[in-house]
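Notes to accompany the following structure.
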Amino acid sequence: MRIDVTEKKEVVRLNGFHYRVLTLCTLLMFFDGFDLIAASYVAGDIARQLSLSPQQLGISFSAAVVGGVLGAVCIGLLGDRWGRRPAAILSCLIFGIGTVATAWSDSYATLLGWRFIAGIGLGGATPIALSMGADFGPKRLKGTLSLVMYCGFILGGLAAGAVSAATASALGWKGLFLIGGGMTLLLVPFFVLWLPESLEVLVRQGRKAQVALTLRRLSPGFVPLADDEYVIETDTSSKGARLSSLFLENRAAVTVMLWATFFFTFLALYFYANWLPTLLREMGLTPDQAIAATVAGQVGNLCCAVFFARLIMKRPVYNVLGLTYIGAAPMFWVIATIGGNFDYQLVANLIGGGLLAGSLGCLYALAPLAYPSDIRTTGSGWAIGVGRIGAILGPMLAGYLLSKGWSAAELFQLSGIPPLIAGGLCIMLGARLSRARGASMAKVGAAL
């Protein structure tokens, strides 16, 4: 019997197998969020111990992101060609080792080197996690499951704040990296034992027994037969895991707009996440108040992610994205205006941080759905990789402008522009996907 595995897995009900995959992928996202926020909490301590200038501190923020660009592209390509499972394990190993080693940095050069290495693993983890969620999730829930995994990213940021507060006096800034990297390395055995390979990858590799076993786990009522032939008959328009495949079959415009949206999102988000505590202290808040306002942004992020996870079940992802970007942009100008008023800063960061980071969650949900399964990790990896160029430039630009005498308020005013651009791109992306109905992108438009 000829069995289309993509069609088979997309009509099943969620069961324990789905939840296991979802949990492991969410943990990958958790450590991405932990690492992003951890550096901002201990930035002042690192700068004092290693005698870093604001510009050097901005570059150190970007070192992990530079590695993340390389990891997102290369490990993403590896995930499509060799398999999601080995790529996920490799990402965890590289990130864990690089993060633990960061704790022993004794100079600016070694700090940059280890942060770059950690970033390679971290950059590969996100597209792998998103692709695994899209690979195993039922069609009606793919976007929602991506946002659920993104909640792991948010919780990682909240955990970084809690760990920083609990260990600051005893372990200093190094303790945060030791704990984060050590926990990531402890995750590797669980990936080796419990993380399955994507069905589409198994079919392309001709591993018939593993395909049958995975289908039985996805659908306990499925009974494989000796003469079953497993195929992938949906999403056959791509030509394999190559960069050029992202621009074939009417995908070029969608790819470019998706890349640009990720770029401007990361540009604003990484400036906000890395520099927020430092800039709020400059505006008059105490260190504890600055951390509280930063945590408020993470709480808002979590609330928005939960809300959007339900909303995108009824609305197209790109429509929700447009609303979040439009709401996030003016909040940066509000943060700049209210200055050192702690109560107002809590509310502004709760709303602004939540909308900005919530937009990234929706964008993560969109990326895997924009491509067929055999180039899904490559497509997500390149989109995130190009976006991380914005993540590199955001912290570095802020450090440079601070060294040139810009105030914190002026930086916040400037940072409201990228979300507006991203919102416009989302509107155009939605229009493009609507026009693509009936062509090779019609299935993507329907899924969104």
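Kindly indicate whether any position in segment 173-180 is under 30 Å from residue 114 (Cβ atoms), touching a helix residue (DSSP H, G or I) at 6+ places or on another chain (Cβ under 7 Å), surrounded by fewer than 19 Cβ atoms within 10 Å (Cβ to Cβ) and not aromatic (Phe, Trp, Tyr). It would help to see each step written out before you state the result.
Of all residues in segment 173-180, those under 30 Å from residue 114 (Cβ atoms) come to 173-180.
With touching a helix residue (DSSP H, G or I) at 6+ places or on another chain (Cβ under 7 Å) added as a condition, the list becomes 173, 175-180.
When the remaining residues are screened for being surrounded by fewer than 19 Cβ atoms within 10 Å (Cβ to Cβ), the result is 175, 178.
Next, only the ones that are not aromatic (Phe, Trp, Tyr) stay: 175, 178.
Looking through segment 173-180, at least one residue is under 30 Å from residue 114 (Cβ atoms), touching a helix residue (DSSP H, G or I) at 6+ places or on another chain (Cβ under 7 Å), surrounded by fewer than 19 Cβ atoms within 10 Å (Cβ to Cβ) and not aromatic (Phe, Trp, Tyr).
Looking at segment 326-346, can you tell me whether even one residue there is over 22 Å from residue 288 (Cβ atoms), modelled with pLDDT under 85 and of a type in the set (Val, Ile, Thr)? Scanning segment 326-346, I find at least one residue that is over 22 Å from residue 288 (Cβ atoms), modelled with pLDDT under 85 and of a type in the set (Val, Ile, Thr), so the answer is yes.
Condition check: over 23 Å from residue 131 (Cβ atoms), of a type outside the set (S, T, N, Q) and touching a helix residue (DSSP H, G or I) at 6+ places or on another chain (Cβ under 9 Å). Does residue 405 satisfy that? Step through it out loud before you land on a result.
Values: over 23 Å from residue 131 (Cβ atoms): yes; of a type outside the set (S, T, N, Q): yes; touching a helix residue (DSSP H, G or I) at 6+ places or on another chain (Cβ under 9 Å): no.
In short, no.
In segment 7-35, the residues that are farther than 21 Å from residue 64 by Cα form Cβ pairs under 7 Å with partners that are in a helix (DSSP H, G or I) and of a type in the set (Lys, Arg), at six or more places apart or across chains, as follows: 10/139; 17/217. So, in segment 225-256, exactly how many residues are exposed (fewer than 13 other Cβ atoms within 10 Å of the Cβ), at pLDDT 80 or above and in a helix (DSSP H, G or I)? Total meeting the criteria: 1.
Residue by residue, here is whether (1) acidic (Asp, Glu); (2) buried (at least 21 other Cβ atoms within 10 Å of the Cβ); (3) under 28 Å from residue 219 (Cβ atoms) holds:
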| residue | (1), (2), (3) |
| --- | --- |
| 80 | yes, yes, yes |
| 86 | no, no, yes |
| 106 | yes, no, no |
| 109 | no, no, no |
| 113 | no, no, no |
| 127 | no, yes, yes |
| 137 | no, yes, yes |
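A single member of 211, 201 is crowded, with 20+ Cβ neighbours inside 10 Å, out of contact with any helix residue (DSSP H, G or I) (no Cβ under 6 Å at 6 or more places or on another chain), in contact (Cβ under 8 Å) with a residue 24 or more places away in the chain and aliphatic (A, V, I, L, M), and it is 201. Within the option set 134, 109, being in contact with a helix residue (DSSP H, G or I) (Cβ under 6 Å, 6 or more places away or on another chain) and of a type outside the set (S, T, N, Q) holds for one residue only, 134. Residue pairs whose Cβ atoms lie under 8 Å apart, sitting 6 or more positions apart in sequence or on different chains, and linking a residue in segment 139-162 that is over 27 Å from residue 43 (Cα atoms) and of a type in the set (D, E, K, R) to a partner that is at pLDDT below 80 and not in a helix (DSSP H, G or I), are 139/10; 139/11; 140/313. Residues in segment 319-365 that are of a type in the set (Val, Ile, Thr) and within 17 Å of residue 285 (Cα to Cα): 334, 335, 337, 338, 347.
Quick check on segment 214-224. Is at least one of its residues at pLDDT below 80, in a helix (DSSP H, G or I) and of a type outside the set (S, T, N, Q)? No, every residue in segment 214-224 fails to be at pLDDT below 80, in a helix (DSSP H, G or I) and of a type outside the set (S, T, N, Q). Only one of these conditions is not met by residue 194: (1) touching a residue at least 40 places away in the same chain (Cβ under 8 Å); (2) surrounded by 15 or more Cβ atoms within 10 Å (Cβ to Cβ). Which number is it? Going through (1) touching a residue at least 40 places away in the same chain (Cβ under 8 Å); (2) surrounded by 15 or more Cβ atoms within 10 Å (Cβ to Cβ) one by one, residue 194 breaks only (2).
Take the conditions hydrophobic (A, V, I, L, M, F, W, C), in contact (Cβ under 8 Å) with a residue 24 or more places away in the chain and assigned to a helix (DSSP H, G or I) and apply them to residue 179. Does it pass? Considered against the rule, which asks whether it is hydrophobic (A, V, I, L, M, F, W, C), in contact (Cβ under 8 Å) with a residue 24 or more places away in the chain and assigned to a helix (DSSP H, G or I), residue 179 comes out as no.
Please verify whether residue 47 is part of a helix (DSSP H, G or I), free of Cβ contacts under 8 Å to residues at least 60 places away in the same chain and surrounded by fewer than 19 Cβ atoms within 10 Å (Cβ to Cβ), treating the condition exactly as stated. When the stated conditions are applied, residue 47 passes them. Taking residue 323 as the residue in question, decide whether it is touching a residue at least 60 places away in the same chain (Cβ under 8 Å), aliphatic (A, V, I, L, M) and more than 21 Å from residue 159 (Cα to Cα). For residue 323, the condition - touching a residue at least 60 places away in the same chain (Cβ under 8 Å), aliphatic (A, V, I, L, M) and more than 21 Å from residue 159 (Cα to Cα) - is not met.
In this structure, is residue 407 modelled with pLDDT of 80 or more and surrounded by fewer than 16 Cβ atoms within 10 Å (Cβ to Cβ)? Give the steps one after another, and end with the answer.
Values: modelled with pLDDT of 80 or more: yes; surrounded by fewer than 16 Cβ atoms within 10 Å (Cβ to Cβ): yes.
Yes; evaluated as a whole, the condition is true for this residue.
The values are calculated or read from the model by the stated rules, or taken from the named source; none is laboratory data. In this text, all values refer to a predicted model and were calculated from it rather than measured experimentally. Neighbour counts run over all protein chains shown; Cβ positions are idealised from the backbone, glycine included.
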